[in-house]
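Data block below; observations after.
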């Protein structure tokens, strides 16, 4: 992981959140999903599908990778939705 990733106030504030998902079933960091969702909301998207479409764009992914690792690629729409609804 690059030393330039996960830097700044967002990561300082949300980086300490406990991830309660089942170990072994987790392919994406909680902080990555939160960063994607907050980025999408700040860009004016107000539902899971539009946030996912925004985050899936090549230019958005290039921008995201400046801040988060996305080691396993982009989280799926269902991963984002289920995590934030508390069902994953």
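The values are calculated or read from the model by the stated rules, or taken from the named source; none is laboratory data. The shown structure was predicted, so the numbers you read here are calculated from the model rather than taken from an experiment. Positions of Cβ are generated from backbone atoms using ideal geometry, with glycine treated the same way; all protein chains shown enter the neighbour counts.
Summary of values
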| quantity | calculated |
| --- | --- |
| Test for residue 52: is it under 14 Å from the mean Cα position of the chain (by Cα), buried (at least 16 other Cβ atoms within 10 Å of the Cβ) and at positive phi | no |
| Any hit, the stretch 9-22, residues being surrounded by 11 or more Cβ atoms within 10 Å (Cβ to Cβ), touching a residue at least 40 places away in the same chain (Cβ under 8 Å) and more than 15 Å from residue 66 (Cβ to Cβ) | yes |
| Looking only at the stretch 75-85, and only at residues there that are closer than 22 Å to residue 11 by Cβ and at pLDDT below 95, the one that is nearest to the chain's Cα centre (by Cα) | 80 |
| Hits in the stretch 26-41 (condition: part of a loop (DSSP other than H, G, I, E, B) and either without any contact (Cβ under 8 Å) to a residue 40 or more places away in the chain or surrounded by 14 or more Cβ atoms within 10 Å (Cβ to Cβ) (or both)) | 26, 28, 29 |
| Hey, residue 6 assigned to a loop (DSSP other than H, G, I, E, B), buried (at least 16 other Cβ atoms within 10 Å of the Cβ), touching a residue at least 40 places away in the same chain (Cβ under 8 Å) and at positive phi or not | yes |
| Residue match in the stretch 60-76 (condition: touching a residue at least 40 places away in the same chain (Cβ under 8 Å), out of contact with any strand residue (DSSP E or B) (no Cβ under 9 Å at 6 or more places or on another chain), buried (at least 16 other Cβ atoms within 10 Å of the Cβ) and assigned to a helix (DSSP H, G or I)) | no |
